[in-house]
């Protein structure tokens, strides 16, 4: 509690102080931040810190871990490419067996060779119930893994799972180091050793992570020799330190990123994401569970205005977890903002306006609570806009702030402003959000969504590797969701980064909700090339 | 001055206090477990972090069992106590490492910060106190006194943010936080020294008013007393009067103050370390508390309690030495 209060107070005061500071001086020091000559070190500011650096506890599960490699990796377009595996896996047994052949001559940063034993050790340890890995659910399909010789690994699945190959971007830990320690608390969790392009040189918790290039990296030694990630939770502080030249790059909210638009020495990168904000409409709430109310809310809400006003244009309307620019998006499921249409749906369903403008049906007032995470401004803004749009259609939504401890026990009947999103396979988000058997399972299917047609399509989609069949299945899911929207999806949010223009080769991937170490223009810092311009004296 | 120290009496007092500390520490750890248990934070959620939002209930239940937080409060406390007595402080769930490692890595930085802050507060407090006490009602006295009352009311984190704003953002002369420069990955003494200035100054300033006001009062009163008036009448130099007479009796209350300020400096450090991202014990305490990390929280509380008890003991010993009438409690 104390930390949170302090942080909020910190944020408030710093914001005030910064308003003064930036008004008082557009610091002339900002111009001196530019590097002299080719720059082979980079310092970036991020808002999020990993809990652990051990792949066995979940670090690097989505790839891009800097210190480790997976069997596969995502390229800039989120297509799978081989990494520690020599090629993409061979899939057999009706999608139940995945066979990987490993790359030769790869070593860990301590010099020991990487072999199939390390892969088997990593996956078996993660599946072990005694390992405190909160992301184990993502490998739910995995039944067994075994090594055949030194360079082949065979994964056997419990059921055919089309997205499994995308799970094998998971970082691989060295057996000869990690197996000798307590998996949950051993030194490996803070002093990792991997095959990756960078070697961790220090982790000052709450402050920064420092890396140096791995000169023996199998894919070529990185040109950026020193890489530092400073952990700065407060947006304003991060922006100030970027301006002061302490940082070379940082993630920033749209309004702060706009402040760097005129800075010629810096470039802004906008990452497209799967990061959605949605309102859960719990099936067990008599109002929010009503299909007419759900459909009315779905078109009463003005998504484009939310994007323009709340996100300063950095985002796009969302109609489901799949973004509209994804190849998996079911064309034609976009919903137009149509207040009159919403009112008509409610009228026809028997929700009649009462004296105070709030509708009612059979004595039930069209009113329900909507919770958002306290202190999360973005969610608060979305919640308030949603409530105001709903009010115009005659539905009263009472917004309330709370921590997850307060919200979780109420999720079965109260609406929640939720966020999430994992890029890649359409199975990832949709299965967890919509599968009826996952209703109330932790934070999965928070709305207790229950639709037999969707359940069936979700199973069909994950159990085949045939692209056309999968596309058809996920089209069905999205059409059904439009018919009976158990969630009102509001927006997909862009992530903005401002980086010094000192390197070539920067770009962004499609990003998930949690933009940790893996996201941002530095997802591929190992392939950045220092620019040889400026003409200043070289170091 | 070369009087033999009453070692025996001092040792007896220390022994008595050590015995009394045992039930106090036991009670405090039990209270920590009970309070943490009653807090709305869920240790499993805190452990899983964002991954917990997509984890299955099975996965979360398994974690709860692995972390051992599903067992009754008293069982956990008794087990923790049993292993703590043998020197095994358990594993911190929030840091993902043994508690002993966390403490050894961070304790030094906190002691450095607190000691520097204490030194600043005592040195500055004494100096200003003597100067102000000498001429009470003078310009210096009035200025510093009103400043001291203002400082007394100012929360540490607010002072911290003000210092960051002024020295780091406006002037750009001192780093805003951390132990070393962002781009540096080695800890060098000169970097630490530069990064220590602001947090130590702020923490010292929060303690300054107490020392200043006590010394000012003590010196002022002493100057009015007969021995001082006598010394002056005998024509002793002002300097001798001040240091030999006034300061000696004026400093007495300050000795008790040093001990009794220990808890204040610990809570002050909680805020200052958080504001300045100082990688010390206090910052870890905040994390342990919000994550309901029982072993780490208990160990840190024991440490803080021990520091308070030691502070009290030290001030009582010093007081007993400085003023034999007080003696070593009976």
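Place a point 7 Å from Cα of residue A:233 in the direction of its Cβ. Which residues in the stretch B:83-122 have their backbone N less than 16 Å from it? The answer is B:94-95, whose backbone nitrogens lie closer than 16 Å to the label point.
If a spin label sat at a point 7 angstrom from the Cα of residue A:143 along the line to its beta carbon, the backbone N atoms of the stretch A:60-97 nearer than 14 Å would be those of A:92-97. Measuring nothing but how far apart in sequence close Cα pairs (under 8 Å, 6+ apart) lie, relative to its length, the stretch B:59-164 scores a relative contact order of 8 percent. For a label point 7 Å from the Cα of residue B:224 along Cα→C-beta, name the residues of the stretch B:137-179 whose backbone N is under 15 Å from it. The answer is B:137-138, whose backbone nitrogens lie closer than 15 Å to the label point. The mean number of Cβ atoms from other chains found within 10 Å of a Cβ in peptide B:94-101 is 5, as a whole number.
Any idea what angle helix B:262-275 forms with the longest principal axis of chain B, computed on alpha-carbon atoms, 0 to 90 degrees, nearest 10? Between helix and principal axis, roughly 60 degrees.
The modelled label-to-label distance for the pair residue B:5/residue B:236, using points 7 Å beyond Cα in the direction of Cβ, is 2.6 nm.
Within a 10 angstrom radius of each residue's Cβ in B:162-169, how many Cβ atoms of other chains show up on average? Whole number is fine.
Shielding by partners across B:162-169 averages 5.
Given R0 = 22 Å, the distance between the Cβ atoms of residue A:262 and residue A:312 translates into a calculated FRET efficiency of 0.85. Let me know the whole percent of all Cα-Cα pairs from the stretch B:1-111 that are separated by more than 23 Å. The calculated P(r) of the stretch B:1-111 puts 50 percent of pairs beyond 23 Å.
From least to most packed, judged by other beta carbons within 10 angstrom and beginning with the fewest, A:56, A:242 follow the order A:56, A:242. When the alpha-carbon atoms of the stretch A:49-189 are used, the pair Rg, Dmax equals 14.0, 41 angstrom.
Compared with the dominant principal axis of the Cα atoms in chain A, helix A:452-462 is inclined by about 20°. Of the peptides A:506-514, B:217-225, the order by per-residue mean of other Cβ atoms within 10 Å, starting with the highest, comes out as A:506-514, B:217-225. With the convex hull drawn around the C-alpha atoms of the stretch A:399-539, the volume per residue stands at 181 Å³. Exposure proxy shown here: for B:318, A:72, the number of other Cβ atoms within 10 Å sets the order, fewest to most, as B:318, A:72.
With 0.36 nm allotted per residue and the present C-alpha distance subtracted, the residue A:179-residue A:352 stretch has 55.7 nm of extension available. For the residues of A:52-65, the average number of beta carbons from a partner chain within 10 Å of their own beta carbon is 1.
Compared with the dominant principal axis of the Cα atoms in chain A, helix A:377-392 is inclined by about 20°. With both labels modelled 7 Å from their Cα along Cα-to-Cβ, the residue A:334 to residue B:190 distance reads 6.0 nm.
Neighbour counts of other Cβ atoms within 10 Å put A:338, A:104, A:40 in the fewest-to-most order A:104, A:338, A:40. Summary value for chain A: 21 percent relative contact order, contacts being C-alpha pairs under 8 angstrom separated by 6+ residues.
Normalised by the number of residues in chain B, the average gap of Cα pairs under 8 Å and 6 or more apart makes the relative contact order 26 percent.
Using the Cβ-Cβ distance between residue A:41 and residue A:364 with R0 = 56 Å, the FRET efficiency computed as 1/(1 + (r/R0)^6) comes to roughly 0.35. Only DSSP H runs of four or more residues enter the estimate; each adds -39500 (n - 2.57), and after division by the residues of chain A the mean residue ellipticity at 222 nm equals -7500 deg cm²/dmol.
Coordinate-derived values only; no laboratory data. Since the model is a prediction, treat every value here as computed from it, not as a measurement. With ideal geometry, Cβ positions are generated from the backbone for all residues, glycine too; neighbour counts draw on all protein chains shown.
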